[in-house]
Amino acid sequence: MRFAGYDAQMGGNIGTAILSLEPPRMGRVHVIEMSSYQIDLSPSLDPTVGILLNISEDHIDRHGTLAHYAAVKERLVSGVMPQGTAIVGVDDIHSRNAADRIEQSGTRVVRVSVRNPLADGVYVEHETILRASGGARSEIARIGGIGSLRGLHNAQNAACAAACALALGVGREVLQNGLRSFPGLAHRMEQVGRLGQVLFVNDSKGTNADAAAHALSSFADIFWIAGGKPKVGGISGLTEFFPRIRKAYLIGEAAKEFSETLGTRVAHEISETLDVAVANAARDAQASGLADPVVLLSPACASFDQYRNFEIRGTKFRDLVNALPGVKPVV
């Protein structure tokens, strides 16, 4: 939206409080991230465009059941303003059902998938975002080669952002150039630096196994830093990615539990703290002789055992990486 010439004000759960942003006016767009907690506490919502990316088991300690958690998140797209648009990622059953209910209520719904072609909606195929309608399909944008959009989850982010921009009248050429200009966000697959062939990636926002799965699926040779305050299920659901992990470095309260899950299938050590993990992972990645080794912080845990929030944890990781002799910024 910034590339399209709008004054795009970003806030909400991502950092700046909503009421600290500049007030609405012509030519200004508010891009607001809302957590399930914030949605739950909001008496009403009426965005011009609402985006529901996905629903996976999380925050059950607050919401009680997955069904209630899903219902809370659905409010963000079921409450769009009249003539507005609900954009729903339909690669999980809860979101698919939500899309059907919202459409039946009379709201315009754009379905988005990164796993399957759609007869009507927006989907990703061979690193290209496509739109299908009325039996025809057209190319919206290409995301191949954009480092900040690496991985299936970022393909979904890009597809949903593209669908939103189209709903707001942004042209395809502007949309493509806007995607290319995107530098990425802090703590979300953030490319922190390089040490020779070693790439350091800060995905501190990966606070559960589902989020960590997205990061692990994006690289082939991973020196993985994981752990913190564990969540229900641990990392037992990540076994399909174990062959990608050359070694794991386990920190925080979850270290022992994660060690038991990894067992003999993945080489690992209990590093306990982030500074030890970064130093050891950097050493091992450099010595590996691999073509493209990646030191990845994607903890699959909350941060609250050692850090006040995931941002502080990610900033600590960034500082530790930048303090390594010879580290250069990613260009």
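Values in this text are rule-based calculations from the coordinates and carry no lab data. Computed from a predicted structure; not experimentally measured. Neighbour counts are summed over all protein chains in view; Cβ atoms, including those assigned to glycine, are modelled from backbone coordinates with ideal geometry.
Think of the chain as a dipole: +1 on every Lys or Arg Cβ, -1 on every Asp or Glu Cβ, centred on the Cα centre; then among CYS164, GLY289, GLY314, CYS164 lies furthest on the positive end.
The candidate values were (1) 37, 29, 15; (2) 34, 22, 20; (3) 37, 22, 20; the one computed from these coordinates for semi-axes √(5λ) of the Cα gyration tensor in Å carries the label (2). Kindly write out, for the range 184-191 in residue order, the coupling ³J(HN,Hα) from the Karplus curve 6.51 cos²θ - 1.76 cosθ + 1.60 (θ = phi - 60°), rounded to whole Hz, with x marking Gly and Pro. With the stated coefficients, the range 184-191 comes to x, 10, 4, 6, 10, 6, 7, 7 Hz. Taking label positions 7 Å along the Cα-Cβ direction at both ARG194 and SER133, the computed distance is 4.1 nm, reported to one decimal. Pairwise Cα distances in the range 243-331 exceed 21 Å in 32 percent of cases.
Just to confirm the number: angle between the C-alpha axis of helix 274-287 and the first principal axis of the chain, 0 to 90 degrees, nearest 10? Here the helix axis deviates by roughly 80 degrees. Using only side-chain charges placed at the Cβ, +1 for Lys and Arg and -1 for Asp and Glu, the dipole size of the range 238-331 relative to its Cα centre rounds to 280 debye.
Could you give the Stokes-Einstein D for the range 64-103 in µm² per second, using the C-alpha Kirkwood radius, 37 °C, 0.692 mPa s?
For these conditions, the coefficient is 313 µm²/s.
Remark: spin-label model distance THR264-LEU66 equals 3.2 nm, labels positioned 7 Å along the Cα→Cβ axis. Think of the range 1-145 as having a plus end and a minus end, set by charges on the Cβ of Lys, Arg, Asp and Glu; of HIS94, ILE143, MET34, ILE143 sits farthest toward the positive end of this dipole.
For the residue pairs LYS229/LYS328; LYS247/LYS316; LYS73/LYS231; LYS73/LYS316; LYS73/LYS328, the C-alpha atoms sit more than 29 angstrom apart in LYS229/LYS328; LYS73/LYS316; LYS73/LYS328. Rounding to the nearest 20 debye, state how big the charge dipole of the chain is about its Cα centre with +1 on each Lys and Arg Cβ and -1 on each Asp and Glu Cβ. For this selection, approximately 600 debye. Kirkwood analysis of the range 103-249, using all unique Cα-Cα pairs, places the hydrodynamic radius at 17.0 Å.
Kirkwood hydrodynamic radius, the range 1-90, all distinct C-alpha pairs: what's the number in Å?
Values: mean 1/r = 0.0706 Å⁻¹.
Result for the range 1-90 stands at 14.2 Å.
Determine, from the Cβ-Cβ distance of MET10 and THR273 and an R0 of 35 Å, the FRET efficiency 1/(1 + (r/R0)^6), rounded to the nearest 0.05. Between MET10 and THR273 the formula returns 0.60. For the range 14-156, what log10 I(q)/I(0) values come out of the Debye formula at q = 0.20 1/Å, with one point per alpha carbon and no solvent? Each listed q maps to, in turn, -1.34.
Each residue, LYS229 and GLU173, gets one label point 7 Å from its Cα in the Cβ direction; the gap between the two is 5.1 nm. The local environment of GLY27, defined by Cβ-Cβ distances under 14 Å, has a net charge of +1 under the rule Lys, Arg +1 and Asp, Glu -1. Quick one: putting +1 on the C-beta of Lys and Arg, -1 on the C-beta of Asp and Glu, what dipole do you get for the range 1-59 around its Cα centre, in Debye to the nearest 20? Dipole magnitude for the range 1-59 comes out near 340 debye.
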